[in-house]
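Chemist: Have a look at this one before I ask anything.
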Amino acid sequence: MNDSKPSPPLPEEVLISSLARPLLYFAFAPIILVAACIPGGSSLLFGWFFFLDRSLASFQADLPTLWVGFTAFGLLFVIVHRMSRRWRPATSLESSQHLAGWTWRSTTALCLGMTLMFAASIAIIGSLHQLVWIGTGKASTSNPQVNWGERTGPLAMITDARRAAWKTMSRNNIKQMMLAIHNYESTYSMLPPGAIVLPDGRGYRGWIAPLGPFVPFEDPYYFENAVPWDDPKVARYGKGALLPLVHPQLGWGSQFDERDFAFTHYAGNVHIFPNNRSLRINEVTDGTSNTLAIGEVAENFQAWASPWNRRDPVDGINDVPWGFGGPTWQEGAQFGLVDGTVRLISRNIDRKILKALGTPSAGEEIPADLFP
């Protein structure tokens with residue numbers, strides 16, 4: 001008859017068990033509090049489910065990156081186990097019972113705990129960031145469609161720094177697109193057509209679609225000329241959000257239309273990208289440094305693959321929903337000129353000058369000191 005009693009739990013197992021329940025309470029209590037007390041808290045907490053449902057359809061796993069990640073986690077697991085066995089060697093009682101001082105089970109619990117704490121730290125930092133953002137002022141209501149994050153308060157310096165970063169990042173987006181346009185022009189000796197539109201009004205593709213081979217997108221796309229841009233054969237490309245086409249302040253959230261096509265926050269000049277034809281550089285007789293090619297938009301976003309993603313500068317800046325425009329705090333919009341430079345143009349610019357900048361060969365006079 002075996003009268004041996006089961007061995008007592010290891011000290012580290014007792015420690016993990018004693019901490020598990022308080023950690024669970026600590027993790028879930030704020031979630032329940034937010035959902036119960038804050039208006040719209042349930043949407044804030046669970047809205048990301050709907051975002052995942054919409055975005056996972058266009059998600060493509062990067063197998064080399066996944067392999068590196070799993071390999072790194074495996075190495076961490078082995079290193080933690082080896083170090084822990086040195087730190088916690090087997091006692092004489094455990095040795096007599098052929099038990100290890102530190103078990104693989106303990107290593108698994110420790111690594112999972114470290115992963116959860118790392119994820120919780122990122123979540124806490126993000127939550128504090130948003131609380132500070134909310135606490136330093138209120139959002140602007142001058143543009144009901146876009147929350148451009150107008151803020152005032154003691155942390156205005158942080159807001160100014162963020163705005164400067166957004167402005168620089170948006171400028172870089174425009175530079176990337178202008179570089180792609182110039183690479184296209186160097187290859188075909190013409191600018192991309194603004195849109196392929198049939199006599200019955202159906203649009204086949206816009207000016208961004210031909211630029212795929214000339215922009216270093218992570219997921220290259222290809223549009224066939226023989227089918228519309230939203231045809232099921234090519235629709236999956238247009239439903240993928242492309243980083244150079246997203247304004248950094250607006251980010252990725254809710255930037256899709258009702259059919260899940262990805263918006264862009266930049267539009268082409270309808271005079272540079274006309275229907276069913278491509279301009280040549282020598283047709284821009286007003287000067288490539290005096291002619292607008294693309295610019296920021298603040299409302300009425302269009303899918304980047306759409307043939308209708310073009311606007312007329314004569315409509316002004318931040319004046320009408322279908323015109324060009326930038327963040328309300330920027331007091332204007334950034335534009336890429338045909339020569340590839342990027343300029344910030346004030347919303348208060350004279351409408352005649354803006355019209356002259358929008359046309360490639362009308363011969364209007366532009367002040368020499370407009371761009372210092």
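The values are calculated or read from the model by the stated rules, or taken from the named source; none is laboratory data. Computed from a prediction, not measured in an experiment: that's the story for all the values here. Cβ coordinates were reconstructed from backbone atoms using ideal geometry, including for glycine residues, and neighbour counts include every protein chain displayed.
Chemist: Which residue, of Ala195, Ala164, Ala180, is in contact with a helix residue (DSSP H, G or I) (Cβ under 9 Å, 6 or more places away or on another chain), small (Gly, Ala, Ser) and modelled with pLDDT of 80 or more?
Modeler: Ala180
Chemist: Follow-up question, since we're still on this one. Going by the structure shown, is Gly268 surrounded by 20 or more Cβ atoms within 10 Å (Cβ to Cβ) and among the small types (Gly, Ala, Ser)?
Modeler: yes
Chemist: Here is a further query. Which condition number does Ser186 fail, the rest of (1) surrounded by 12 or more Cβ atoms within 10 Å (Cβ to Cβ); (2) among the hydroxyl-bearing types (Ser, Thr, Tyr); (3) modelled with pLDDT of 55 or more being met?
Modeler: Just one mismatch for Ser186, condition (1).
Chemist: Another one. Name every residue in segment 303-336 that is under 21 Å from Pro210 (Cβ atoms) and free of Cβ contacts under 8 Å to residues at least 60 places away in the same chain, in order of residue number.
Modeler: If the condition is that a residue be under 21 Å from Pro210 (Cβ atoms) and free of Cβ contacts under 8 Å to residues at least 60 places away in the same chain, then Arg311 is the only one that fits.
Chemist: Right, something else. Mind checking which pairs have a first residue in segment 178-189 that is touching a residue at least 60 places away in the same chain (Cβ under 8 Å) and a second that is among the β-branched types (Val, Ile, Thr) and surrounded by fewer than 17 Cβ atoms within 10 Å (Cβ to Cβ), Cβ under 9 Å, 6 or more apart or different chains?
Modeler: Met178/Thr341; Glu185/Ile281; Ser189/Ile281
Chemist: Right, something else. I'm trying to understand the selection: among the residues of segment 297-322, which are buried (at least 23 other Cβ atoms within 10 Å of the Cβ) and touching a Pro at 6+ places or on another chain (Cβ under 8 Å)?
Modeler: Selection gives Ala298 alone.
Chemist: Right, another one. Pick out the one residue from Arg310, Arg277 that is basic (Lys, Arg) and closer than 24 Å to Gly240 by Cβ.
Modeler: Exactly one residue qualifies, and that residue is Arg310.
Chemist: Tell me the strands (runs of 3 or more DSSP E) entirely within segment 284-372 that contain at least 1 residues that are in contact with a His (Cβ under 7 Å, 6 or more places away or on another chain) and closer than 14 Å to Ser170 by Cβ.
Modeler: 292-296
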